[in-house]
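Have a look at the structure below before the remarks.
The values are calculated or read from the model by the stated rules, or taken from the named source; none is laboratory data. Note that this is a predicted model, so its numbers are computed, not measured. Cβ sites come from the backbone with ideal geometry, for glycine too, and all protein chains shown count toward neighbours. Only protein heavy atoms, including side chains, enter the accessible area calculation; ligands, DNA and RNA are left aside. Shrake-Rupley method; radii C 1.70, N 1.55, O 1.52, S 1.80 Å.
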Amino acid sequence: MKKNLSVSMKALSVILGALVGGFMWRCRGESGFGSSWGLYSVGLVIILLIYQFYGNRKGMKTELIPVGALLTGLGVTGYATVIEQMSGLITSDLPYGGDEPVLLPVNPYSGMVIILIMGFTLVPLFAFFIGTLFSEKEYKITHYLIMIGIFFAVSYIAKATVAHYILKAINPEQVEYAALGLKDAGFEYSSPMQAYMKHFAQRRWTQEIPFFENYYMSIEHISDAIAVLAIALYPLIAFKDKITCGVCLIINTLTAVSTTAFSLMLAVCYDTGFLGNTPCPRALQNGAGWGIWEFSTGAAVGFFTMLIIALLPKKYTVQNGADTKPVFENKILHFIFNLALFVFVFGVVPSRVIGIRTGKLLKNLGIMDGGNTFGDIMTAVLSVIAGVLFLLMLKKNILDKGGNAVKQTPREFSFIVFPAYLVMCCVAYFCLNHGVIFFLPYKEITDFNNFLYQLTGPEHMTTTLMLITFILLTPIYLLTRKKLIANYKK
């Protein structure tokens, strides 16, 4: 029987997408998550949420869930260095012309363009993947591999060619300052482009030159943006697939716009740029705005992803039966494929979160001087244990019984794993690393006004935001989950 979600359920999916996206992206900025590692978790949780609402349909296989998580973390470069440019300033990061780092002026509008480009490249492969889930075309693993190849090939070609000229046209001050930084560091390259090509794709080297990391990261963003356009055209040219192309471009575009809008929060706390005369809110002072920016960015990704899916024509989201067909017909290949994915995404990634954050908590509490080493050991041990368990499970299900990776349908699998993984992330965020939940101003709880004042101040504002999100998310998800399961069994 074919089923479609009601308008109210679609609305709930969008609300949950925003809450989950914000929570997980803020987690991504914490130790143990961090960088691409954190984005694996962001992608995994959002995709599991999608499967709970729409997973009972052709093309949405269980094995694709970790594939989507991996794609979320691929192709993403660092970006923090360019955000402040919309304030009309650029930092040397390192001492320049003396003993101290300096801030020099740039055109805030050119800074805004750089941030728009950066936002367009935050979730490029994730956006492509989401499009394929709802396309009428059948995408195989080879198609994802081709897409990855196109993305990196185009990006690397752009890094070696046009990206430098585009940056000079967009932000000439940044190119000029990069040249000055090279001279200040004692290098005699004829241009920043020559220095970049001499140390191609070596970010660590750029971090030793005043102003040069900004130049490097801008080249990365411009090149990746060109690559995003290339992978969006791939399904259109190869399959005449307008859905995957459109979803990819729309998600990336809306992420770019929202990220740039949220960057204004950080720009407010400078005395220059768009909002130079605007008082900086207390909650954004002393660097606290960064955590709120992270949350807002993730909330936008989750919100727009679920909204775009909800607005698709019904024929693309209709529930027409679980897809339990193996990705590969060959049992050995299917086993190896699933083992690699499951061990990494469901084993190594969460083990790293738990291990590193536990070690840092022990060190921060003064319980163990070698807490970081203990955390690394814990990560390795948990990863091995998870690997062995997945090896036994997959051997039994795939090799011995000739079935699929898991016994559940893709949607049933998401109902189990989503809350379990989210709870793990909640515990890791609130209770491990710095153990923020233990250091809220509880002593001031007798004076509610003062307690509330401190919770909304820069020291605790991000934690407060995450707590509010968790408090809202829990009942909304539990009620929605109950309704989804009931509808699923009808």
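Evaluating E136 against the criteria (1) more than 18 Å from L39 (Cα to Cα); (2) without any contact (Cβ under 8 Å) to a residue 40 or more places away in the chain; (3) not basic (K, R) leaves one unmet condition, (2). State which residue is modelled with the lowest pLDDT when the search covers only the range 79-89 and only residues that are open to solvent by less than 50 Å² (accessible area, probe 1.4 Å) and out of contact with any helix residue (DSSP H, G or I) (no Cβ under 6 Å at 6 or more places or on another chain). Restricting to residues being open to solvent by less than 50 Å² (accessible area, probe 1.4 Å) and out of contact with any helix residue (DSSP H, G or I) (no Cβ under 6 Å at 6 or more places or on another chain), the top hit is E84. One residue is enough: does the range 419-429 have a residue meeting the conditions under 24 Å from the mean Cα position of the chain (by Cα), within 20 Å of R357 (Cβ to Cβ) and either among the small types (G, A, S) or not in a helix (DSSP H, G or I) (or both)? Yes: the range 419-429 contains one or more residues that are under 24 Å from the mean Cα position of the chain (by Cα), within 20 Å of R357 (Cβ to Cβ) and either among the small types (G, A, S) or not in a helix (DSSP H, G or I) (or both).
The requirement of being closer than 30 Å to Y477 by Cβ, open to solvent by 70 Å² or more (accessible area, probe 1.4 Å) and out of contact with any Phe, Trp or Tyr (no Cβ under 7 Å at 6 or more places or on another chain) is not satisfied by I377. Within the range 317-355, the set of residues being over 19 Å from the mean Cα position of the chain (by Cα), crowded, with 21+ Cβ neighbours inside 10 Å and either of a type in the set (V, I, T) or within 24 Å of T244 (Cα to Cα) (or both) comprises just one member, V343. All but one of (1) more than 30 Å from F328 (Cβ to Cβ); (2) open to solvent by 20 Å² or more (accessible area, probe 1.4 Å) hold for M9; which doesn't? Among (1) more than 30 Å from F328 (Cβ to Cβ); (2) open to solvent by 20 Å² or more (accessible area, probe 1.4 Å), M9 violates only (2).
Any residue in the range 296-309 that is surrounded by fewer than 18 Cβ atoms within 10 Å (Cβ to Cβ) and either within 27 Å of the chain's Cα centre (by Cα) or part of a helix (DSSP H, G or I) (or both)? Walk me through how you get there before you give the answer.
The initial filter retains those residues of the range 296-309 that are surrounded by fewer than 18 Cβ atoms within 10 Å (Cβ to Cβ), namely none.
Scanning the range 296-309, I find no residue that is surrounded by fewer than 18 Cβ atoms within 10 Å (Cβ to Cβ) and either within 27 Å of the chain's Cα centre (by Cα) or part of a helix (DSSP H, G or I) (or both), so the answer is no.
For the range 166-181, name all the residues that are assigned to a helix (DSSP H, G or I), within 18 Å of E220 (Cβ to Cβ) and open to solvent by less than 70 Å² (accessible area, probe 1.4 Å). Across the range 166-181, the qualifying residues are I166, L167, I170, Q174, V175, Y177, A178, G181. I'd like the full set of residues that are of a type outside the set (A, V, I, L, M, F, W, C), open to solvent by 20 Å² or more (accessible area, probe 1.4 Å) and more than 24 Å from G68 (Cα to Cα), limited to the range 389-445. Residues satisfying the conditions are K396, D400, K401, G402, H434, Y442, K443, E444. Among residues of the range 113-131 that are open to solvent by 10 Å² or more (accessible area, probe 1.4 Å), those with a Cβ under 6 angstrom from a residue that is of a type in the set (S, T, Y), sequence gap 6+ or separate chain, pair up as L116/T260. Residues that are of a type in the set (D, E, K, R) and closer than 17 Å to N338 by Cα within the range 36-64 comprise K61, E63, listed in sequence order. Exactly one residue out of S110, S87, S135 is within 30 Å of K240 (Cβ to Cβ) and of a type outside the set (A, V, I, L, M): that is S135. Checking each residue in the range 202-232 for being farther than 14 Å from L116 by Cα, touching a residue at least 60 places away in the same chain (Cβ under 8 Å) and either open to solvent by 10 Å² or more (accessible area, probe 1.4 Å) or part of a helix (DSSP H, G or I) (or both) picks out R203, Q207, E208, E213, N214, A227, A230, I231, A232.
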